Amino acid sequence: MRLALVGLLALPLLKGCDPSEIQQLTSPEAVAQAYQDGLRPYFPKAKAVAMTERQELWGYTCIQGDGPELVEQMGNFIPSTPDVQKLKTLRDWGPVFGAKTYRYAWLGFESGAVRLDVDTWTVVHVTTNPKYDATYRSACGFGSN
């Protein structure tokens, strides 16, 4: 009875939120696929990986020859995209539906990465290091230099 009451009280809060969308995102693979699909219109070769233990969702653009200017621009653009905004809904309501949630959404480029903190909606720009470079190249299927 109490659970039903809590559910009824939560309905107005779910306005604009499709519970079936959240239910479809209960597996890390489904979340990664949705993130990848959201990136593909901008980055056709993008790959995505969900790391539940670290509460991170990684998207790799899989483009070569980008520069810091593109990474900077994307840091400003990422929070405004509808697919990324759905991560906030997943973070807020996912546990109700048994879905894993992700605090951080990363977007990786060859020359750097941006990280969106879904809880605070702040973006941090991160420079590369040899470990990141190797991970990026491996995720995108690029050979080593």
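Details
- Computed lengthening from M51 to N76, 0.36 nm per intervening residue step minus Cα-Cα distance: 6.6 nm
- FRET efficiency, S138 to D92 (Cβ-Cβ, R0 22 Å, nearest 0.05): 0.10
- For the pair D83 and D66, label points projected 7 Å from Cα toward Cβ lie 1.3 nm apart.
- Using a Förster distance of 35 Å, the FRET efficiency for T128-S27 (Cβ separation, nearest 0.05): 0.70
Rule-based calculations on the coordinates, nothing more; no lab input. Since the model is a prediction, treat every value here as computed from it, not as a measurement. Neighbour counts are summed over all protein chains in view; Cβ atoms, including those assigned to glycine, are modelled from backbone coordinates with ideal geometry.
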